[in-house]
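Colleague: First, the structure itself, so that you have it in front of you.
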Amino acid sequence: MGMTITEKILSHAGGKKHVSPGEIVTITYNWLMSNDATTHVSINMWKNKVKNPRIFDPGKIVFVIDHNVPAENVKTADTQKLMRIFAREHNLQLYDGEGVCHQLLMENHTLPGQVVIGADSHTTTAGAYGAFGSGFGSTDIVAALHEGTIWVKVPETIKFEISGKLKSYVTAKDLILKMIQYLGAKGATYKTMEITGDAVKDFSVEERITLTNLAIEAGAKNGIIEADRKVIDYIKGIRGEPLPEYTIFKSDPDAEYRQTFTINLDELEPMVAFPHTLDNVKPLKDAVGTKVDEVFIGSCSNGRIEDLRIAAHVLAGKKVHRSTRLLISPASRRVFKQALDEGLILTFVKAGALVLNPNCSVCWGACQGVIGKDEVLLSTGTRNFRGRAGSPESKIFLCSPRTAAVSAVTGKITHPGEFE
Amino acid sequence: MGMTLSEKILLSRAEKKTIKAGDTVLVQVDGVMMHDLFAPKVREIFYAMGFKKVWDNERIAVINDHLVPAKTPDDIELHKMGRLFVEEQEIKRYHPGDGVCHILMIERGYARPGEIILGTDSHTCTYGGAGVFATGIGYTEMAAICGTGNIWLKVPETIKIHLEGYLSPGIASKDLILKIIGDLKADGAIYKALEFSGPAVAGLSLAERLTVSNMAVECGAKAGLFPADEITAAYYSELGEQSVAQIKADPDAVYCRTMHYDLTALTPQVSKSPNVDDVSDIACFAGLEIDQAFLGSCTNGRIDDLRIAAKILAGKKIHRNVRFIVTPGSQRIYEKALEEGIIQVLHESGAQITAPGCGLCSGILGGIVPNGDRMISSNNRNFLGRLGGLTSEIFLASPATIAASVLTGKITDPSRGS
Amino acid sequence: MKISGKVFKFGNNIDTDIIIPTKYLVLPSLDEMARHIFEPLRGENFSAQLSPGDVITAGKNFGCGSSREQAVQCITACGVKLVIAESFSRLFFRNCINNGIYVIQSPSIPGMLSERDQVEIDINACEVKNITSGITAKFEPLSDFLYEIVQSGNLIDYFKTRKSW
C-alpha cells in the first residue's frame, strides 16, 4: 500500500521500509529546537532527573532566545543567561535575539525530508519544505536530547486539495484560517494536514510557510507540503550552494487519506478568527467596522519579507490612525535587514508604526506590545486565546498582513478589497 | 547687581523687581511635561484639588515613553488614563508613542530658551542645554501647576562651570559631565544650579549641551543651564521659531563656587555602579570584559549619538560575546537614522535595534541585565538593581566609548585609535 | 505636635529606585507598592517592620534619583510622618512637603540615631529626643509656608480650600 509524504519521512527516520497510521515508531531527528520560553525547565530536568545526562548529538541542537527579547525583567534575563551558559558548555548552536525560532530553522537548518522536533507547538512550520516538524513537551525534549531519538505515533493524514487563484487582496493566511474553520480546533488532532493541488504549487515558499505554521491550530501533529524546485531555490537563496543532502518525498498515488477537502481559491474571501479561539473563523465582512486599539504585523506566522512588503505597500504615504497603535516586528534579523535594504522600515516609521526588534513580541504577549482591558488587537500572529496578548478582558482577532495594514490606517477592521 | 542665568529667567516670570539666590518666588510657568508613569496621578490629583480646567491646554505635554511598548496590561491602564486627561482637557501636546519625553520636548520646540518648564521626571533638567530653566517635580505639584499655571521655587545658588578648550577626537560631552559629577559627587549641587560658561561653550553643539544638562541632576542640581546663543537660535530657527531669546548671565553675577575644566585635557570617563558619582578615568577599567551594551535614552539617544556609533562601527562586527541594544530616542530620530543609513550600519554590525522610547533606561523593559553580567551604557543612572539584577554591574560612558567597547568585547578607550 | 517611634537608619545617596523600584510603579494601589519599600536593600518584607510614628533617617542626599512621588507616598503608606537626613535631594524634599511629611535636615542628628532606637520628636519645640540613648538635639524648623502645606495634610488638601498658592 502506498504511503503519504509524512509516512515516508517517518519510516525513513525510523529505519523502516513501511509504516502505517497508528504505529509507534522511534525516529532519529535532524534538528531539535528549544527556545527561552521553556529551555530553563528542560535544562533543570536534564540536570536533575536524568541519570548520567549527555547530549546525544550537540550538532543537531538549536537553542533560540526569541520570546522575551530583549529581556524585560531580571527573571527572564537570568533564564536567558542560563541558556547561554548551557549552550557554551555543551557547544550548542545558540541564536540570541536573531529572530523567531521557527523562522531561524527555516532560514538556516530545515531541509526537505528531514525531521524537526521543537519544544514549541508551531514547529509544524517545517512542513512547508516537505519536512516533518512537530512540537513536544519538555520531558520529551529532555529524553530526545539524551537519546538522539524520539517516539511518535504515525498520524493519519487529512488532505486539502487547493485549486484556483487568490484574489489580489486575499492571502495564504486567509486560506489557512479557512482550513481551520473547516476542521475546527481539534479537527486534525494527532493527524497530518497535507496541503496539495495546483494552487499550492503556485504559492511562494513564504506563503506555504504561513500555511504549515498554523496547522497546529487545527490540532494537527504536522502540516506538510510536497517540496519542489521553488523550495530548493528559496533555501539556496538564503544559505547559498551547495546544500547538504536532502530528500524530496512525494505521496504515492495510492496513499490512504482519512479525509479529503477541496478548496477553490477563486471563491475565497478574507477571513478573520474571532476571539477567543482559532476555529472561530468568519468572513472578514462580519468583523468590519470593529474599532482596533492595536495592530500587530509579525510573528512566525506572518513576519517574513513578503508580509512586510504587503504591509509597506498599504502604508506607503499613509499614517496609522491616531487612536491605533501599529507594531511591526520582522521575524528575523535577516528579514529586518532585507526590509531595511528595500526601504520598508523607513516606510513603516514614516507611517507612524512602532518597529520592534525581531522577536515573538505581541504574539507571545509578555514582553512588548501587550494590550489592556477592553482593548481589541488585530494581529497576524498565531493565536487569539483569551488573555494571550495581555488582559484577560481583551479581544484578539487574527487576520492577514494586508487586512492588518489597512485596518491600522482606518483604525477599524477594514476589508482590504474596499481600501484600494 | 548682576544675575545668573537662573536668576534672570526666574525674575522674568515672577512679579518682583529683583530676586537673589535663596528667595522663594512664585513664578509663571511656560510649559509642563508629564510622562506615562505619572500622568494618571496628575489627573486624579488635579480633580481632587478641586480644579476643573487646566490653566493652558496648549502648554501641557503628555508623553508615553517609559511603558512603550507596553509589557503588562497595567501599563495600558496608565496610558488610557493619560489619554483621558488629554481628551477631557483638550491637551494639545500629546505623544502616545513618539519617543522619550525629554527628547521630544526639544525636538518639537515645546521647551524654548528663557522659559520655565517643569516636568514629572528628574531629567527635565535636560532642557537647560537650550537655556531653559527646567527641573523635575512630583505629580502632586504638577497637578497644582496644571490648575494654577504657577509654582513656588527657591532661587538656587549657582555653581559656575567654566569651560575652556575643545573636545578631542573620541571625547564627548558625556565625558565632561561624568567628570563633573565625579568631582561634585551625588550631593555636591543639591538645591543649586549649574551654569556652564566660558569659551568652550561656543564649541559645543546643542545635542552635546543637552547631554551635559541631562545629568546635572546626578550631582543633585536643580538645573544645569547653558546660555542660549547663536547655536541655540540656529536650532530653533530650523524649527521655524525666529524669535527665540538669546540669553546669558551678567558678567558680575554672583556664584557660590566656580569650577574650571579644560576640555582639551579631558579623557574618556566611566561611572561604575551602583553610584553615578563613582567616576574614573577609563584607564582604570579598560580591558574589563562586557556582556552587554546599551545606546539610547534621553542622555545619549539623539541622532548625533547614533552617528558617532555608526562611524566607529561601519563595516565592522561587534564582539560575539556582546549583546548590543540600540534604542533611538524618538521616531523622528529613527527616521533620520534610516535616511542616513545609520540604522543599516548599526544593524549590520550586530546591534539589536529596538523601538524608540526609554527602553532599557526605564529599567522595566528593553534588555534588563542578568545577574552577574556587566554592561556599558549611554544612559544616566546605574543605581543598584535599576537596570538589572542586584549583582549586575553597570558602567556609564559616552556613545564613542560604547561603540569602541562593543567591537572588542572589553571596556575600550575610543580616543586611542585601533 | 509630637511624633514617637522606632528609628530605621539608612546611609548616603539612598536613591528612589531603592525606596521603590521602577517595576512596582505600575501596581494599581499604593498599599501594594508599599510592600516593596526599600526592597533592594532590606529584602521583601521590610514594610511589615514599620509602624505608625516610626522615623526614617539617612545620610547625605536622601531620595536622590527620579521624581517618582511614590517613593514618598510609600513611606507615608507605612505610617512614617517624619524623615531626618543630613541632606535631601530637592525633588524628594518637595515631594515630602507635598505629602505632609515633616522634614528635618541636620548634619548631626542622623549621627546620634541608631537602627531601632526609640525616639520622640517635638516639632513645636524643635527637639529630637533619643530615648534609647538619652541624647537630645535641636533642629531648624521648616519655614512657615512649607509647614502650612505639611499641616494641611498634603498639597491636595491645601488646594481644596484655595484656588491659588
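Values in this text are rule-based calculations from the coordinates and carry no lab data. Note that this is a predicted model, so its numbers are computed, not measured. Note: ideal-geometry Cβ built from the backbone for every residue, glycine included; neighbour counts use all protein chains shown.
Colleague: Which one, C:Val72, C:Ile121, C:Asn45, projects farthest toward the positive side of the charge dipole computed for chain C from Cβ point charges (K/R +1, D/E -1)?
Modeller: Positive-most Cα among the choices belongs to C:Val72.
Colleague: Name the residue farthest towards the positive end of the dipole of region C:2-160 from the options C:Pro28, C:Tyr158, C:Ile109, assuming +1 on Cβ of Lys and Arg, -1 on Cβ of Asp and Glu, about the Cα centre.
Modeller: Working it through, the farthest residue towards the positive pole turns out to be C:Ile109.
Colleague: One-quarter of the Cα convex hull surface for chain C, in nm²?
Modeller: Projected area, direction-averaged: 9.2 nm².
Colleague: Then there's this: Please get the size of the charge dipole for region B:270-416, origin at its Cα centre, with Cβ charges of +1 on Lys and Arg and -1 on Asp and Glu, quoted in debye to the nearest 20.
Modeller: For this selection, approximately 180 debye.
Colleague: Next question, about the same structure. Which three lengths, in whole Å and largest first, does chain A cover when its Cα atoms are put on their principal axes?
Modeller: Between the extreme Cα coordinates on each principal axis of chain A lie 58, 53, 42 Å.
Colleague: Give B:Lys16/B:Lys222; A:Lys186/A:Lys318; A:Lys318/B:Lys71; A:Lys178/A:Lys250; A:Lys201/A:Lys395 a once-over and call out the pairs whose C-alpha atoms are over 30 Å from each other.
Modeller: Result: A:Lys186/A:Lys318; A:Lys201/A:Lys395 exceed 30 Å.
Colleague: Write down the Å³ per residue value for the convex hull defined by the alpha carbon atoms of region B:270-416.
Modeller: About 88 Å³ per residue, rounded to a whole number.
Colleague: Could you tell me the calculated FRET efficiency between C:Arg116 and C:Met1, based on Cβ-Cβ distance and R0 = 30 angstrom, to the nearest 0.05?
Modeller: The calculated FRET efficiency here is 0.80.
Colleague: What percent do you get for the relative contact order of chain A when only Cα pairs under 8 Å and 6+ apart count?
Modeller: Value for chain A: 18 percent.
Colleague: Using the Cα centre of chain B as the reference point, and only Cβ charges (+1 on K/R, -1 on D/E), how large is the resulting charge dipole? Debye, rounded to the nearest 20.
Modeller: Using only the charged Cβ atoms, the result is roughly 240 debye.
Colleague: What residue among B:Ala397, B:Gly315, A:Gly372 has its Cα farthest toward the positive end of the dipole of the protein assembly as shown, where the charges are +1 on Lys, Arg and -1 on Asp, Glu, each on the Cβ?
Modeller: Result: A:Gly372, furthest along the dipole toward the positive end.
Colleague: Label 7 Å along Cα→Cβ of C:Ser164; region B:83-120 residues with amide nitrogen under 17 Å?
Modeller: none
Colleague: Right, here's the next one. Using 7 Å Cα-to-Cβ label points, what is the B:Ala202/C:Arg42 separation (nm, one decimal)?
Modeller: Using points 7 Å along Cα→Cβ, the separation is 5.5 nm.
Colleague: Rounded to two decimal places and with Rh computed the Kirkwood way over Cα pairs, what is Rg over Rh for the protein assembly as shown?
Modeller: Looking at the protein assembly as shown, the ratio lands at 1.02.
Colleague: Just report the Cα centroid separation between region A:153-193 and region A:1-72, whole Å.
Modeller: 25
Colleague: Related question: Could you work out how far the C-alpha centroid of region B:357-411 sits from that of region A:277-308, in angstrom?
Modeller: The distance from the Cα centre of region B:357-411 to that of region A:277-308 comes to 36 Å.
Colleague: Okay, moving on. Taking one equal scatterer on every alpha-carbon of region A:70-215, how large is log10 of I(q)/I(0) by Debye at q = 0.15 1/Å?
Modeller: These q points yield log10 I(q)/I(0) values of -0.89.
Colleague: Roughly what would the spin-label model give for B:Lys317 and B:Thr18, points 7 Å off Cα along C-beta, in nm?
Modeller: In this crude spin-label approximation the distance works out to 6.9 nm.
Colleague: Along its three principal axes, how long is region A:271-419 when you only count alpha carbons? Whole Å, largest extent first please.
Modeller: 38, 33, 26
Colleague: Considering only C-alpha atoms, what is the centroid distance from region B:327-346 to region B:149-186, in Å?
Modeller: Taking the Cα centre of region B:149-186 as reference, the centre of region B:327-346 is 28 Å away.
Colleague: Explain nothing, just the number: dipole magnitude of the protein assembly as shown about its Cα centre with +1 on each Lys and Arg Cβ and -1 on each Asp and Glu Cβ, in debye rounded to the nearest 20.
Modeller: 600
Colleague: For chain B, what D do you get in µm² per second when you plug the Kirkwood radius from alpha-carbon pairs into Stokes-Einstein at 10 °C and 1.306 mPa s?
Modeller: 74
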